[in-house]
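Note sheet for the following structure.
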Amino acid sequence: MSDMSPDLLDFIKNKINSFIKWDLVKFFYQNPNTTDTAENIAKYIGRNEESVQSELETLVDNKVLFRALLGQTIVYSLANDKTTRALIEQFIQACGDRHFRIKAVYHILRGRG
């Protein structure tokens, strides 16, 4: 487990520490210009809206996502921070490796205990 960069390990353990957050980060990485509601994002990733809403808020608190009001509607988009975007890119690209995914799953499951 020690061959993962400390920044990436911290990102997984403290910001992408659930499978819903993993799905959300992947969604926003693949759609970096998206600004949408929790309801629509939940549909896109095939998850329950309530769970997605909670995790979106946590990602906003962790400065991975940005929340804004569009009229009376709350919408979410990817944060503009270059460091965060670079970590997301590093994470998603690393997920192409099976061994990395196993390590990431291990850290997410370990964090639940």
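If you filter segment 60-113 down to residues that are loosely packed, with under 12 Cβ neighbours inside 10 Å and assigned to a strand (DSSP E or B), you find that the one that is nearest to the chain's Cα centre (by Cα) is Ala68. Against the list (1) more than 19 Å from Asp3 (Cβ to Cβ); (2) hydroxyl-bearing (Ser, Thr, Tyr); (3) in contact (Cβ under 8 Å) with a residue 12 or more places away in the chain, the condition Thr83 fails is (3).
Scanning segment 1-40 for residues that are in contact (Cβ under 8 Å) with a residue 24 or more places away in the chain, farther than 26 Å from Thr73 by Cα, of a type in the set (S, T, N, Q) and part of a loop (DSSP other than H, G, I, E, B) returns Ser5, Asn17. Among the residues of segment 43-101, none is identified as of a type in the set (A, V, I, L, M) and on the phi > 0 side of the Ramachandran plot.
Select from segment 47-69 the residues that are free of Cβ contacts under 8 Å to residues at least 12 places away in the same chain and not basic (Lys, Arg) and list them in ascending order.
At the first step, the residues of segment 47-69 found to be free of Cβ contacts under 8 Å to residues at least 12 places away in the same chain are 48-50, 54, 57, 61, 67, 69.
Of everything in segment 47-69, those that are free of Cβ contacts under 8 Å to residues at least 12 places away in the same chain and not basic (Lys, Arg) turn out to be Asn48, Glu49, Glu50, Ser54, Glu57, Asp61, Leu69.
Across segment 1-36, which residue is surrounded by the most Cβ atoms within 10 Å (Cβ to Cβ) among those that are out of contact with any helix residue (DSSP H, G or I) (no Cβ under 9 Å at 6 or more places or on another chain) and at pLDDT 95 or above? Restricting to residues being out of contact with any helix residue (DSSP H, G or I) (no Cβ under 9 Å at 6 or more places or on another chain) and at pLDDT 95 or above, the top hit is Thr35. Set side by side, the residues Lys63, Lys103 differ, and just one is closer than 19 Å to Lys13 by Cβ and in contact with an Asp or Glu (Cβ under 8 Å, 6 or more places away or on another chain), which is Lys63.
Of the set (1) touching a Pro at 6+ places or on another chain (Cβ under 8 Å); (2) more than 30 Å from Asp3 (Cβ to Cβ), all apply to Leu70 but (1). When residues in segment 33-51 are screened for being basic (Lys, Arg) and under 15 Å from the mean Cα position of the chain (by Cα), 1 of them pass. Against the list (1) touching a residue at least 40 places away in the same chain (Cβ under 8 Å); (2) exposed (fewer than 14 other Cβ atoms within 10 Å of the Cβ); (3) not polar (S, T, N, Q), the condition Lys43 fails is (1).
The values are calculated or read from the model by the stated rules, or taken from the named source; none is laboratory data. The model shown is predicted, which means the values in this text are computed figures rather than measured ones. We place every Cβ from the backbone using ideal geometry, glycine too, and count neighbours over all the protein chains shown.
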